[in-house]
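Here is the structure we will look at, set down as structure tokens.
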Amino acid sequence: MPSEHPDQEMEGPSADQQGDAVSLLEAERIAEALVFASAEPVSEAFLAERLPQGAPVATVMQGLAERYVARGVNLVRSGDRWAFRTAPDLSFVIRKDDNEVRKLSRAALEVLAIIAYHQPVTRAEIEEIRGVQTSRGTLDVLMEAGWIRFRGRRRSPGRPVTLGTTPDFLDHFGLEELRDLPGLDELKGAGLLSGRIPPNFQVPIPSMSDELTEDEDPITQLDLEELGLLTPSGEEEE
Amino acid sequence: MPSEHPDQEMEGPSADQQGDAVSLLEAERIAEALVFASAEPVSEAFLAERLPQGAPVATVMQGLAERYVARGVNLVRSGDRWAFRTAPDLSFVIRKDDNEVRKLSRAALEVLAIIAYHQPVTRAEIEEIRGVQTSRGTLDVLMEAGWIRFRGRRRSPGRPVTLGTTPDFLDHFGLEELRDLPGLDELKGAGLLSGRIPPNFQVPIPSMSDELTEDEDPITQLDLEELGLLTPSGEEEE
Amino acid sequence: MNIAPSSIPMDQLWQDTPERAADEPALVIDVGGFEGPLDLLLHLARSQKVDLARISVLALAEQYLAFIESARRVRIELAADYLVMAAWLAYLKSKLLIPQQAKGDEGPSGEEMAATLAFRLKRLEAMREAATRLINRNLVGRDVHVRGAPEHIPHRVQSAYDASLFDLLSAYANIRQRHAITQVTIEKRKVWSLSDARDLLTRMLGEITEWTVLQHYLLQYLPADDRVTATASAFAASLELVREGKLEIRQDGAFQPIYLRQGRNPAVAPEVVVDAF
């Protein structure tokens with residue numbers, strides 16, 4: 001310590017500040033090493049156990065994140081976990097031959113979105129939103145990927161199991177919190193995340209005539225072919 | 001030559017320097033991301049191919065290495081290859097034993113799952129469900145993991161020991177209570193059980209209390225010694 | 001879709017499929033890439049080229065029914081979901097075309113039912129958009145990358161062993177299934193009943209507070225061969241549902257139409273909030 005009065009060291013504010021700065025830097029280095037050395041995100045609890053006694057984990061991580069903000073590697077948070085990731089604008093330089101990203105079917109992606117935005121949600125509710133039964137191989141694919149999990153049971157008749165997303169979901173999709181799901185607030189505001197029709201949801205009184213309105217086209221044979229329901233050579237029998 | 005006329009700045013030599021600084025920083029960022037994401041040390045030839053045309057690889061890497069010199073992670077060179085490594089003075093924080101988390105064997109998973117769903121359950125009952133004998137080692141592993149425990153003794157001939165799960169089991173698997181384990185419909189819905197199961201197929205709802213059932217007797221110190229689980233002077237861990 | 005149920009050719013739909021056990025879920029036939037009737041409706045709604053909130057549900061219902069009719073004319077067999085939706089839309093259409101009665105106990109009006117449908121389409125579309133926005137984020141392994149040479153796995157060591165709940169449940173399902181499969185009894189697929197139809201509808205549209213003579217509409221859309229059995233099983237199934245308190249039945253006189261509606265003890269809470277209007 002460069003203090004001239006060693007016996008007053010503990011009382012001098014500048015000595016404290018200096019000491020704090022040194023230990024803060026040291027805590028940052030340790031956190032940096034721990035997170036950098038891991039492929040998966042590192043929880044704040046894990047860090048707290050390994051940083052010097054009493055080091056303010058949140059402050060340390062904020063400081064470290066700022067240090068890396070303009071670098072080729074960024075420190076990112078997902079939930080209460082931290083990870084180093086290459087900067088998104090540099091994705092073009094890193095071409096991995098083995099594409100590590102799972103290709104999800106449209107159905108699986110849709111189910112994942114419904115679980116993310118509506119959690120906790122039951123399977124019956126997912127099916128009600130999509131209007132079809134969830135085919136086998138959809139939920140288990142998402143579970144195997146580690147993005148969804150059984151959360152608990154709904155306190156309602158039958159006590160159905162509820163589904164929700166995992167911390168790995170946040171990490172994989174680059175979300176700090178579930179609150180950061182794109183468009184979440186708008187969807188909530190529009191009442192589209194509820195099972196019930198919002199009171200302000202208006203539907204115009206349907207026209208009472210069989211005739212098509214100006215902006216409608218009649219369905220033609222061609223449309224059916226386009227929709228893939230008819231083979232182009234389909235014969236009309238009746 | 002520092003320009004005295006700010007409006008001429010773009011033409012002066014400092015503009016070039018500025019441009020160089022920008023492209024040097026960009027080259028550093030790219031190199032940083034490449035070395036970070038690579039599983040192997042990265043050669044300068046590999047970097048040269050990916051850095052902006054004409055970027056001085058050696059200078060870029062020197063600059064980057066200096067940036068990391070006092071950090072928790074260092075950029076180190078061996079031969080003409082570059083890699084990030086934990087700073088030598090911090091190697092103690094990366095504990096080797098952190099890596100020694102073992103995956104549970106399939107047999108152990110099966111036994112654990114059966115104990116979870118069917119508790120209180122005896123070893124003979126587990127074998128009946130699995131159709132094979134359970135090795136002593138499998139139960140030991142589950143005991144060591146802290147996920148199962150001896151509950152008591154069944155009031156039936158032979159007074160077999162009954163097994164159940166522990167609070168640590170719930171904790172590890174993210175369950176609030178045993179009843180949160182998904183039932184028949186939910187296992188089917190998640191695609192884990194196929195629809196092709198007999199009509200009388202049942203998935204039990206696990207007992208929800210730690211208390212002994214009517215046909216269980218408490219386990220005594222003497223029982224544990226008999227079972228060879230405790231040396232006569234052993235301490236009870238629970 | 002690469003999952004077995006949806007890859008069954010359409011012409012096999014109403015034939016016996018002996019490899020399917022009785023408790024298999026209803027077939028989900030992927031009609032030309034559509035995932036169920038709501039998906040098809042959404043597609044038709046988009047072709048109206050108007051905002052979903054301003055869509056004409058009546059026009060939409062007619063488009064859907066015209067579509068189903070054309071498919072039937074050329075003897076394309078459609079999955080039950082599509083036919084039940086057709087029946088419901090035919091019923092909705094009739095309610096929208098008949099001037100609103102003053103009767104209080106007739107359940108939701110055609111307008112309220114139309115609003116429910118529009119809401120569901122809007123919600124499904126919103127989830128589609130959300131899914132697209134999710135997949136367009138910077139994904140780990142595609143857009144951003146993890147440390148290529150990790151030096152440790154940062155688990156908080158509480159147990160020396162690791163396993164996930166999914167591992168555990170898979171193991172359990174596997175072991176139970178392996179031993180159950182030997183005793184499988186294969187049953188012929190039965191004709192779908194009124195209660196099947198009701199389940200389908202619930203899934204598509206939420207709980208139906210007023211069902212009235214939907215059966216009448218339903219029969220129009222059943223394949224001719226199945227009408228008799230369907231009527232019989234419908235009656236048996238509805239008695240069962242009445243016993244469970246899930247259904248109420250009313251008939252004003254002999255040979256009069258049978259009215260049905262949701263009972264006082266529904267399986268799930270009603271989703272349609274009529275009070276809001």
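For a Förster distance of 25 Å, can you work out the FRET efficiency between the beta-carbons of C:Ser47 and B:Ser194, rounded to the nearest 0.05?
0.10
Based on the Cα coordinates of segment A:61-160, what is the per residue volume of their convex hull in Å³?
Working: hull volume 14.6 nm³, N = 100.
About 146 Å³ per residue, rounded to a whole number.
Each other copy places its own label point for A:Leu25 at 2.3 nm from this one, sorted shortest first, where the point lies 7 Å along the Cα-to-beta carbon line.
Could you list A:Thr86, B:Thr213, B:Thr220, A:Thr162 so that the one with the fewest beta carbons within 10 Å of its beta carbon is first and the one with the most is last?
Numbers: A:Thr86 28, B:Thr213 14, B:Thr220 11, A:Thr162 22.
Fewest-to-most Cβ neighbours within 10 Å comes out as B:Thr220, B:Thr213, A:Thr162, A:Thr86.
Size descriptors for segment A:27-103 (Cα atoms only): Rg and Dmax, in that order, 13.8, 44 Å.
With neighbour counts taken as other beta-carbon atoms within 10 Å, the residues C:Asp199, A:Asp89 rank, fewest first, as A:Asp89, C:Asp199. The other copies place their A:Pro56 label points at 4.2 nm from this one, listed shortest first, where each point is 7 Å from Cα along Cα→Cβ.
Peptide B:127-136 is shielded by partner chain Cβ atoms: per residue, an average of 1 of them sit within 10 Å of its Cβ. Pairwise Cα distances in segment C:114-170 exceed 14 Å in 77 percent of cases.
Label separation (A:Glu177 vs A:Asp89): 2.7 nm, computed from points 7 Å beyond Cα along the C-beta direction.
Dividing the alpha-carbon Rg of segment A:103-193 by 2.2 N^0.38 Å yields what?
On the way: Rg = 12.9 Å, N = 91, 2.2 N^0.38 = 12.2 Å.
Working it through for segment A:103-193, the quotient is 1.06.
Position B:Leu184: other-copy label points at 3.8 nm, ordered by increasing distance, label point 7 Å along Cα→C-beta.
Readers should treat all values here as calculations from the given coordinates under stated rules, not as data from a laboratory. All values derive from a computational prediction rather than experimental measurement. Glycine gets a Cβ as well: all are built from the backbone with ideal geometry, and neighbour counts include every protein chain shown.
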